[in-house]
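Written below as C-alpha cells is the structure these notes are about.
The values are calculated or read from the model by the stated rules, or taken from the named source; none is laboratory data. Just so it is clear, the model here is predicted, and its values are computed rather than measured. Glycine gets a Cβ as well: all are built from the backbone with ideal geometry, and neighbour counts include every protein chain shown. Accessible surface areas use protein heavy atoms only, side chains included; no ligands, DNA or RNA. Shrake-Rupley method; radii C 1.70, N 1.55, O 1.52, S 1.80 Å.
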Amino acid sequence: MDPFSPSSVPLKPNAGKEIILLSPNHKYGRKHFLPRLEANTEFGHIVDCIDINKQLAFDHPLLKDHKIQERPYFSKTTTKNTGLSRNRPSMIGLQQDACPSATVPIRRTTKADLIAIRSMSNNIYPQTTKVPNIHRAVIQMRTTKNHSYTGVIGNINVYNPVVKEGSSYAEMYVMNGADEKLNSITTGWMVSPGTYKGTPYSYFFTYWTIDGAQKTGCFNIRCPGFVQVDNRVYLGSAISNVSIPNGPQFEIGLSISKAKDGNWWLIKDQINIGYFPAAIFNNFAEPETVGWGGLAVSLPNGISPPMGSGIFPDDDYGHTSQFRAIQYRDSSGVLDGPHENTYDTIIDSPNCYLIDFHGYIGEHEGYTFGFGGPGGDCGI
C-alpha cells in the first residue's frame with residue numbers, strides 16, 4: 001500500500017446482517033441492530049454507521065440519561081500563532097463518504113479483537129512510578145500548588161516504526177492523581193500488531209481510566225465512555241499517510257480540551273471528533289499535569305520495539321519524529337508552552353530512547369522537541 005495515498009473506501013448499504021457492539025466487559029456489548037451503512041476498509045477492518053443514540057457509550061451506568069452535546073463551548077483563550085507547518089496532514093477516517101446525518105462511524109469490534117485486548121497491556125496511561133516492560137520518553141509539566149490544566153495540544157509527526165512484538169506509541173495526555181485514584185485521558189498514534197490482528201499500520205487511538213487501569217478504562221470505544229459525534233473521523237482508524245525518514249513528512253494536530261460543561265473533547269485538526277463526559281470521571285475536576293512524548297511496551301523478554309521514527313532525535317527534522325506547537329491550557333483559559341524550569345524530561349531507558357527539546361523556535365513551529373529511538377534490549 002502506498003503510504004502517501006489517503007484511504008478512499010465508499011460506504012455501502014448493510015446487507016441485512018445484524019451486528020453486535022462487543023465489549024471486553026461481559027456487562028456490555030450486547031446491542032443487536034442493523035447499521036445503516038458499512039465500509040470495508042483497505043486496512044482489513046469494517047466501519048459501521050451507527051445511530052448516534054445507540055453507540056456503546058450509553059451503556060455506561062452514569063450516561064443512561066446523557067444528552068449528546070453536538071459541539072464544545074470553550075472559555076475565551078489566548079495563544080501564540082504557530083503558523084503553517086512544513087509537514088502535510090495525515091488522513092484519518094472515512095475520506096470518500098461520510099456517515100449520514102444522525103449516525104456516526106464506529107470501527108466494528110470482532111471476537112478476535114477481544115482476545116487481543118485481553119492480552120495487551122493496560123499500563124499505557126501516564127505513570128507516576130516505573131512499571132516493568134514500559135519505557136517512556138516524555139516532556140511532562142511539573143505539578144504546582146493551585147495550578148491546574150484544562151487542555152493539552154500538539155502536532156505529532158506520524159511515523160510507522162517496524163514493530164515485531166510489543167507496542168509503540170506517540171501520545172499526549174492529561175492526568176490527575178496516582179495509583180487507584182489516577183484519572184487520565186491519552187491520545188495519539190500507535191503501532192501494535194498484537195492489538196490489530198497482526199497488521200503493521202499506525203492507528204489513531206485514545207485511552208482513558210479513572211483508577212490507574214485497575215478496573216476501569218480502555219482503548220477507543222472498547223468499553224462505554226467516549227461519545228462519538230463526528231461523521232468521518234473515528235477512533236481506531238488506520239492512518240493512511242505516514243512519514244518516511246528523509247522523505248515526505250506527515251503530522252496530526254490533536255488536542256484534549258475541557259469545555260465549559262466539564263466534558264473533555266478530543267479534537268483532530270479542528271475537527272470535533274467527540275468527548276468524554278465529565279460524569280464518568282471521579283478525580284478530574286482540576287488535573288495536575290499534562291504531557292507529550294513516546295512510550296514503548298515490551299514483552300517479558302525485555303526486547304523493546306522502536307519508538308517514533310526508530311532513530312534517536314537530533315536536529316535533522318527529516319528523519320526523527322517530532323512534536324511541534326505543543327501547548328497546554330491552564331485553568332484561566334490561557335494557552336502557553338513548557339518554559340524553562342516548568343517541566344520535567346522523563347527518560348527511563350536512555351540507551352534505547354531519547355528526547356531532544358528545542359524549546360520555542362518561532363511562530364511557525366512553537367515549542368518543539370524530537371523523541372524516539374531504536375529500542376532493543378532496554379531491560380524491564
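Put ILE106, ILE347 in order of accessible area, highest first, and with a 1.4 Å probe you get ILE347, ILE106. Measuring from centroid to centroid over Cα atoms, what is the spacing of the stretch 345-363 and the stretch 149-203 in Å? The stretch 345-363 and the stretch 149-203 have Cα centres separated by 17 Å. The label-point distance for ASN53 and GLU70, in a model that sets each label 7 Å from Cα toward Cβ, rounds to 1.4 nm. Annotation: peptides 247-260, 60-73, ranked by per-residue average of other Cβ atoms within 10 Å with the highest first, follow the order 247-260, 60-73. For the stretch 198-339, taking the reciprocal of the average inverse distance between every pair of different Cα atoms yields a Kirkwood hydrodynamic radius of 17.5 Å. Just how much of MET190 is accessible, in Å², when a 1.4 Å probe is used and the result is rounded to the nearest 10? We get 0 Å² for MET190. Cross-link check: pairs LYS164/LYS258; LYS197/LYS260; LYS130/LYS215; LYS54/LYS164; LYS64/LYS145; LYS64/LYS260 evaluated at a Cα-Cα cut-off of 28 Å; pairs beyond the cut-off: LYS164/LYS258; LYS197/LYS260; LYS54/LYS164; LYS64/LYS145. Annotation: amide H of ASN241 within the under-5 Å range of MET91, sequence separation 5 or more or interchain, hydrogens built in the peptide plane. A 1.4 Å probe run over the stretch 125-243, with the rest of the protein chains in place, finds 29 Å² accessible per residue. Only alpha carbons enter this Debye calculation for the stretch 194-251, each as an equal point scatterer, and the log10 of I(q)/I(0) it gives at q = 0.26 Å⁻¹ is -1.12. Tally up the carbon and sulfur contribution to the accessible surface of the stretch 228-380 as a whole percent, 1.4 Å probe, everything protein left in place. Answer for the stretch 228-380 is 49 percent, counting heavy atoms of protein chains only.
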